[in-house]
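Working notes for the structure below.
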Amino acid sequence: MARILLVDDEVNVLRALQRSLRPAFPPELAMIETFTDPQAALHRCEQVPFDVVVSDYRMPGMNGLELLAGAKALQPEAVRLMLSATSDFDVLLDALNNVRIFRYIQKPWNDDELRAVLREALASRAAPPPAPATDWLAELTPREREVLRLLVHGMTNRMIAAELGISARTVENHRAKVMEKTGADSLPELVRLAMKDGMQ
């Protein structure tokens, strides 16, 4: 049976998350625990192992990055997900760099997408560790690698265009080709893949 931990300081959000997940994760398949207090959630992580830990970002006393970092220290194998209404790219990069989150889910979430992400998270937990490989990086052209490196550093298309002396449209084309070669379906996923495979 899978164990899923949900942490959000708002009770209504936790109830909504449970309603969203139950059709795909009924009690006989998954045990879902909820906490409004991040400290209490971490204490629970000291007691029992979880397959997936989902945390809101903005919470009083301890934010989601701090909670997920603590969960990572206690349970490195647990899959970590960030749930937040913020679109601050710096927050996302911090989550990718320091906490190694599996996915960043924006509020308000789509129920089908949320359930799909949880399925992927549990599947990745059950799957054997992938063999180290950076073949996809070798397939990128020098310009595509440069665009990717600047994306990892948090630069926008316009900033990259100014840095490289090319048009923003050209940057968009390079970015689209990189995403096609990697199979990433979003910028956060692309950045996560790049950092996992050693892109600095």
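The values are calculated or read from the model by the stated rules, or taken from the named source; none is laboratory data. Computed from a predicted structure; not experimentally measured. Cβ: placed from backbone, ideal geometry, glycine included. Neighbour counts: every protein chain shown. Just so you know, the surface numbers come from the protein's heavy atoms only, side chains and all, with ligands and any DNA or RNA stripped out. Shrake-Rupley method; radii C 1.70, N 1.55, O 1.52, S 1.80 Å.
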message: Regarding segment 56-73, can at least one residue be identified that is outside any helix (DSSP H, G or I), of a type in the set (Gly, Ala, Ser), surrounded by 21 or more Cβ atoms within 10 Å (Cβ to Cβ) and modelled with pLDDT of 90 or more?
response: no
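Quick grid of which residues meet (1) over 15 Å from Leu83 (Cβ atoms); (2) open to solvent by 80 Å² or more (accessible area, probe 1.4 Å); (3) polar (S, T, N, Q):
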position: Leu5; (1), (2), (3): no, no, no
position: Gln18; (1), (2), (3): no, no, yes
position: Pro26; (1), (2), (3): yes, no, no
position: Phe35; (1), (2), (3): no, no, no
position: Pro38; (1), (2), (3): no, no, no
position: Ala41; (1), (2), (3): no, no, no
For segment 148-172, pairs from a residue that is on the phi > 0 side of the Ramachandran plot to a residue that is loosely packed, with under 14 Cβ neighbours inside 10 Å and modelled with pLDDT under 85, with Cβ under 8 Å and 6 or more apart or across chains, are Gly154/Asp90
Result of the Cβ filter at 8 Å on segment 76-105, keeping first residues that are more than 17 Å from Val7 (Cβ to Cβ) and partners that are part of a loop (DSSP other than H, G, I, E, B) and modelled with pLDDT under 85, at least 6 apart or interchain, is Phe89/Gly154; Asp90/Gly154; Leu93/Gly154
Picked from segment 142-195 (must be of a type in the set (Asp, Glu) and part of a helix (DSSP H, G or I)), the residue nearest to Val117 (Cα to Cα) is Glu189
Of the residues in segment 76-127, those that are modelled with pLDDT of 90 or more, open to solvent by 60 Å² or more (accessible area, probe 1.4 Å) and among the small types (Gly, Ala, Ser) number 0
